[in-house]
Amino acid sequence: MRIGLVLAAGGSVGVAYHGAVMAALEQATGWDPRQAEVVVGTSAGSLTAAMLRAGVPAGDLARISEGAPLSEEGARLATRGRPRRPRPGLLDVLAFRPVSDLAVVLQALRRPWTVPPRALALAAMPAGGIPTTAISDGIDALYEGAWPEKALWLCSYDLRAGRRVVFGQAGSPPALVGGAVAASCAVPGYFRPVSIDGRRYVDGGVHSMVNLDLVAGLGLDLVIAVSPLSQAAAWGVPSPALVMRRPLRARLGAEVAALERAGVAVVAIQPGRRVTSAMGFNPMDAARRGAVSRATRAGVRRWLAEGVQGRQLTRLLKAEAARSPRAERPAPARRGTA
């Protein structure tokens, strides 16, 4: 089977959710997510995608969030490099700017028809001062200047052009993997926009939190979409988080339906009530990562064993694991930038 992974935005708790989902899938079915034909990542999903393509075992993605010892393979990779959580200091707070891109705002005043409305809104937003170098430096050290041979697509948004950019795709701007991950994670108003080859980029979730449309037309047999910021249930306990999660669930449902109309089988994995409770309202709250990871692993294992779609996915992945050799660490093969 040709299986694609699409990992959506989600902040710090999203990183924990993605890692726990990958670990639970492998533990329950034997299928190694590193074997996916293509991995698409947006924001938090880009970080998990890059770690998988670098060869980090799925179980170690969960262990990192839970503060548990890494496997021998994961520990060996960690000696080369690993991303760190940006820790803002006073100088980062002082680097805050009231406008993200004054040039775009001025251009919109002079020639409003040349600036897309979304680009103008983002350019007029305050620019965060927190740098993403802690993320990019660790990823670049892990990849040692290469880009993986198997497809790794990282979604960002060109602030000035007002359009989505997918690093790793043919024809995309040149970038190191670490820079592409940082650009995908640069939440507007929180992180500093990331400059690559003279262009400024912000979080790919600006275009779509999932970007599921990218895998249409690839001839995939199955797409597994993981969405930390939506929710599995149509309704939930009234809370501030519900205001965010319900619209994102609807948007994911629309993207899934469009892909299914194109003839692609899709399984969407979204957090249930216990996991959303563990996540809280602030996606950037890294203190919750351990609790989120543990609750997610338990919830996904239960869904794979008891849910109708979960049991179907288990059968498919077990059959694929039986057919496929165990994944070797996919060493990056293309030197330089994407």
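Looking only at the stretch 3-28, filter to residues that are part of a helix (DSSP H, G or I) and modelled with pLDDT under 95; which one of those is farthest from residue 204 (Cα to Cα)?
Initially, the stretch 3-28 is screened for residues part of a helix (DSSP H, G or I), giving 11-28.
So of that shortlist, the ones also modelled with pLDDT under 95 come out as 11-12.
Values: 11: 12, 12: 15 Å.
Checking each candidate, the answer is 12.
Just to verify a result, which residue in the stretch 144-165, among those that are crowded, with 22+ Cβ neighbours inside 10 Å and over 18 Å from residue 36 (Cα atoms), is modelled with the lowest pLDDT? This residue is 159. Residues in the stretch 255-272 that are out of contact with any strand residue (DSSP E or B) (no Cβ under 8 Å at 6 or more places or on another chain) and more than 29 Å from residue 191 (Cα to Cα): 257, 258, 261, 262, 263.
Looking at 97, 118, which one is among the charged types (D, E, K, R), open to solvent by 70 Å² or more (accessible area, probe 1.4 Å) and in contact (Cβ under 8 Å) with a residue 40 or more places away in the chain? Walk me through it before giving the result.
Working: 97 fails: in contact (Cβ under 8 Å) with a residue 40 or more places away in the chain.
From the options 97, 118, the qualifying one is 118.
Among all positions in the stretch 288-303, there is no residue which is of a type in the set (Phe, Trp, Tyr) and at pLDDT below 90.
Quick check on the stretch 216-234. Is at least one of its residues assigned to a helix (DSSP H, G or I) and touching a residue at least 24 places away in the same chain (Cβ under 8 Å)?
Within the stretch 216-234, the subset assigned to a helix (DSSP H, G or I) is none.
No.
When 184, 156 are screened for being closer than 22 Å to residue 82 by Cα and part of a helix (DSSP H, G or I), only 184 passes.
Out of all the residues in the stretch 12-23, which are surrounded by 24 or more Cβ atoms within 10 Å (Cβ to Cβ) and among the small types (Gly, Ala, Ser)? Answer for the stretch 12-23, where residues must be surrounded by 24 or more Cβ atoms within 10 Å (Cβ to Cβ) and among the small types (Gly, Ala, Ser): 14, 16, 19, 20, 23. Within the stretch 121-139, the residues that satisfy the criterion of being in contact (Cβ under 8 Å) with a residue 40 or more places away in the chain, of a type in the set (A, V, I, L, M) and either closer than 17 Å to residue 99 by Cβ or not in a helix (DSSP H, G or I) (or both) are 122, 125, 127, 130. Scanning the stretch 35-74 for residues that are hydrophobic (A, V, I, L, M, F, W, C), assigned to a helix (DSSP H, G or I) and open to solvent by less than 10 Å² (accessible area, probe 1.4 Å) yields 44, 49, 50, 52, 58, 62.
Reported count of residues in the stretch 164-205, each being of a type in the set (D, E, K, R), over 20 Å from residue 99 (Cβ atoms) and under 18 Å from the mean Cα position of the chain (by Cα), is 1.
One residue alone among 189, 204 is small (Gly, Ala, Ser) and open to solvent by 10 Å² or more (accessible area, probe 1.4 Å), and that residue is 189.
From the list 225, 216, exactly one residue is more than 17 Å from the chain's Cα centre (by Cα) and of a type in the set (A, V, I, L, M). Which is it? Can you show your working first?
On the way: 225 fails: more than 17 Å from the chain's Cα centre (by Cα).
That would be 216, the only listed residue that is more than 17 Å from the chain's Cα centre (by Cα) and of a type in the set (A, V, I, L, M).
Of all residues in the stretch 106-115, which are open to solvent by 30 Å² or more (accessible area, probe 1.4 Å) and farther than 15 Å from residue 158 by Cβ?
Residues of the stretch 106-115 open to solvent by 30 Å² or more (accessible area, probe 1.4 Å): 106-107, 109-114.
If the condition is that a residue be open to solvent by 30 Å² or more (accessible area, probe 1.4 Å) and farther than 15 Å from residue 158 by Cβ, then 106, 109, 110, 111, 112, 113 are the ones that fit.
The values are calculated or read from the model by the stated rules, or taken from the named source; none is laboratory data. Just so it is clear, the structure is predicted and the values come from calculations on it, not from any experiment. No Cβ is skipped: glycine too gets one built from the backbone with ideal geometry, and neighbour counts run over all protein chains shown. We work out accessible area using only protein heavy atoms, side chains counted, and drop any ligands, DNA or RNA first. Shrake-Rupley method; radii C 1.70, N 1.55, O 1.52, S 1.80 Å.
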